[in-house]
1. Residue by residue through segment 68-85, which ³J(HN,Hα) values in whole Hz follow from phi under the Karplus form 6.51 cos²θ - 1.76 cosθ + 1.60 (θ = phi - 60°), with glycine and proline marked x?
2. At 222 nm, what helix-only mean residue ellipticity would the chain give, in deg cm²/dmol to the nearest 500, using -39500 (n - 2.57) for each DSSP H run of four or more?
3. Mind checking the dipole of the chain: about its Cα centre, +1 per Lys or Arg Cβ, -1 per Asp or Glu Cβ, Debye to the nearest 20?
4. Enumerate the lysines that LYS111 could reach by cross-link, defined here as Cα to Cα under 20 Å, with residues fewer than 8 away along the same chain left out.
5. Check VAL56: other-chain or 5+ apart residues with amide H under 5 Å from its amide H, H built from backbone geometry?
6. Using the Karplus equation 6.51 cos²θ - 1.76 cosθ + 1.60 (θ = phi - 60°), what ³J(HN,Hα) coupling, rounded to whole Hz, does each residue of segment 139-148 give in order, writing x for Gly and Pro?
7. Would you work out which of ILE52, LEU76, HIS141 lies farthest towards the positive end of the dipole of the chain? Charges go on Cβ: Lys and Arg +1, Asp and Glu -1.
8. Of all accessible surface on the chain at a 1.4 Å probe, what whole percent is carbon and sulfur?
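The values are calculated or read from the model by the stated rules, or taken from the named source; none is laboratory data. Predicted, not measured: the structure shown is a model, and the values here were computed from it. In this analysis, Cβ positions are derived from the backbone assuming ideal geometry, glycine residues included, and neighbour counts consider all displayed protein chains. Quick note on the areas: whole protein, heavy atoms, side chains included, nothing else; ligands and nucleic acids left out. Shrake-Rupley method; radii C 1.70, N 1.55, O 1.52, S 1.80 Å.
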Amino acid sequence: VGRIESVKRIDIFLQTAALLVKRGNDNNWLFHVFGDGSLLQEMRALAKELDIEDLVIFHGHRMDIHNCMASLDIMLMCSDHEGLPMAALEAMARGIPVVAFNVGALHRLIKHECNGWLVEPENMMALSKQINQWLQFSQQHKMFLQLACKETIQQQFSSEVAIPKLLATYESVSC
């Protein structure tokens, strides 16, 4: 979910998707890419080259991204660098666990194996391993992780928590 630009590493997302498909799991894979950008046509060509074009839907820019995200089981973030990405915050608020490279401030949001997974950058095998681990979990364990995602957002990033912190910061620097 986001811009289709080099920093977002949609190429790694597609290569990871191809790894998952080639492992021969009996999953009905369907991969979604939401967003638009200068590399869209190049990423479509890569999906074709990787022989996964029928399993990848490029949705383009969507104004109803919240509804689109509701259909996701898990989110994969392959960015080279991030701050604290809104897409991850929104996904977790909906109870969608995130598998991401351990870059930027993602460690503030994702607690490895508690509410998502952080792996070393550019490691497609680690990404696919974590997704396969998710698939192996019981429904009860999946529900536990989904709840942990929602609780993380509520306890650390909700407006009820953020606004008092913001006001306290303003008050501390006002003359």
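1. Per-residue couplings from phi come out as 5, 5, 4, 8, 7, 8, 7, 10, 10, 10, 10, 4, 5, 8, 8, x, 10, x Hz.
2. Estimated from H runs of four or more residues: -15000 deg cm²/dmol.
3. That gives the chain a dipole magnitude of about 320 debye.
4. LYS129, LYS142, LYS150
5. PHE31
6. 4, 5, 5, 4, 5, 4, 5, 4, 5, 4
7. HIS141
8. Heavy-atom surface of the chain belonging to carbon and sulfur, 1.4 Å probe: 52 percent.
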